[in-house]
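**Q** Sharing a structure below in structure tokens format, with a few things to ask.
The values are calculated or read from the model by the stated rules, or taken from the named source; none is laboratory data. Predicted model only: the values in this text are computed from it and were never measured. Glycine gets a Cβ as well: all are built from the backbone with ideal geometry, and neighbour counts include every protein chain shown.
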Amino acid sequence: MKKLLSMVLALTLVLSLSGVAMAEGNTQVFWYSLSDVYLSNVRTSLNADFTAAGIEFVDQDANATQTTQTDQITTAIATGTDLLCVNIVETGADGIAQNVVDQAKAAGIPLLFFNRSISEDVVKSYDKCCFIGTNYEDAGIMQGNMIGDYLLADYEKYDLNGDGEISYIMFKGDEANQEAIARTKYGVENADAKLTAAGKPQLKFYDDSNAQKYLVDQNGTWSRQVAQDYMTTVLAQYTEANGNMVELVIANNDEMAIGAVTALQQVGYNNGEGTVTIPVFGVDATPDAVENYMKPGFMAGSIKQDYEGMAEAICTISQNMIAGTDMFANLNENFTVTDGWKVVIPYAMYTGE
């Protein structure tokens, strides 16, 4: 027993000297939706990191419903917790996020928002609050640049009807989500910039009657099935035989990209060697997309959103907040702290090569 106690004391001393916050506490983690594939990967990594750090945790699923999440947070504050980790449902709604901050501040409970965008003013209204995420515009910018370079490498190959233009379809994950808005905007604009700089015309949305130039998941769940259903309907009318085939697919996330691939495969495209492959691009580089769609060549590329890095940052800051130390201490050097309120996890291009 004395030997065991000595080992524990020695380990405590080592951790203390190394600057690692000792986290003996608990947190409640409020997820926008546990059915979201990217977030499920974050959750798996985060649960493992919390366990290793000695943090007790409870995962709560809002099932993409803000009122459910708000009630969950209110209950957690009332019953007591050392930390709130919130993956908010409704982004771009400052009033909702501010209400969460105000409740946490009144109770003196540290608050960590992650992944889904929160405004700087809201986060800065409480000194025990931060946001962990990305510079969300970067995903669309990088996706657009990737698409432009990809098409220019063999432009005539992708212009199936030989009209000198590339016809595209865009799948938007959520009408109001800031990440979705930016990805929809820059995924096309930056591809167009690459193309026009090389003397090629801009991308052309496949349906002239659609002024929005995208198809959106009306439920805001970035769904694989929604994209598959849309694409199946489109492919009944837009075909090579009709001279109006969709020649490029741009999706806000990998799940919607995979849905589009599935619909294409059902009519003979994107099935590997010997079949015509329509370039399909997503965002997240989830393990499923990488292993089962990009490596076999069914998807052209994706923008990696680092789920392991996201989990690591959440866990590190959680340890610090629970211990009452500098919330940004001991962060991975690849992460950037912006103006004392936001931790930025960088994106990266992924082509499956």
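**Q** Looking only at region 129-142, how many residues end up being surrounded by fewer than 19 Cβ atoms within 10 Å (Cβ to Cβ) and in contact with a Gly (Cβ under 8 Å, 6 or more places away or on another chain)?
**A** Qualifying residue count for the region: 0.
**Q** Failed condition for GLY173, given (1) more than 22 Å from the chain's Cα centre (by Cα); (2) closer than 23 Å to ILE88 by Cα; (3) small (Gly, Ala, Ser), with all others met?
**A** (1)
**Q** Separate question: Need a quick list: strands (runs of 3 or more DSSP E) entirely within region 238-349 having at least 1 residues that are buried (at least 24 other Cβ atoms within 10 Å of the Cβ) and touching a residue at least 12 places away in the same chain (Cβ under 8 Å).
**A** Counting at least 1 such residues, we get 248-251, 280-284, 301-305, 342-344.
**Q** Please tell me if GLU255 is closer than 30 Å to LEU112 by Cα and either β-branched (Val, Ile, Thr) or in contact with a helix residue (DSSP H, G or I) (Cβ under 7 Å, 6 or more places away or on another chain) (or both).
**A** yes
**Q** If you scan region 143-191, which residues turn out to be surrounded by 16 or more Cβ atoms within 10 Å (Cβ to Cβ), of a type in the set (A, V, I, L, M) and over 18 Å from ASN115 (Cα atoms)?
**A** MET146, ILE147, LEU151, LEU152, LEU160, ILE166, ILE169, MET170, VAL188, ALA191 - these are the residues of region 143-191 that are surrounded by 16 or more Cβ atoms within 10 Å (Cβ to Cβ), of a type in the set (A, V, I, L, M) and over 18 Å from ASN115 (Cα atoms).
**Q** Across region 192-219, which residue is surrounded by the fewest Cβ atoms within 10 Å (Cβ to Cβ) among those that are free of Cβ contacts under 8 Å to residues at least 12 places away in the same chain and among the small types (Gly, Ala, Ser)?
**A** Ranking the candidates gives SER209 first.
**Q** Just for region 258-284: of the residues that are on the phi > 0 side of the Ramachandran plot and over 27 Å from the mean Cα position of the chain (by Cα), which one is modelled with the highest pLDDT? Please lay out each step first, then the result.
**A** Taking region 258-284 and keeping what is on the phi > 0 side of the Ramachandran plot, we get 268, 270, 272, 274, 284.
Still in the running and over 27 Å from the mean Cα position of the chain (by Cα): 268, 272, 274.
Working: GLY268: 98, GLY272: 94, GLY274: 93.
It comes out as GLY268.
**Q** Which one is surrounded by the most Cβ atoms within 10 Å (Cβ to Cβ), of the residues in region 117-128 that are among the polar types (S, T, N, Q) and under 20 Å from the mean Cα position of the chain (by Cα)?
**A** SER117
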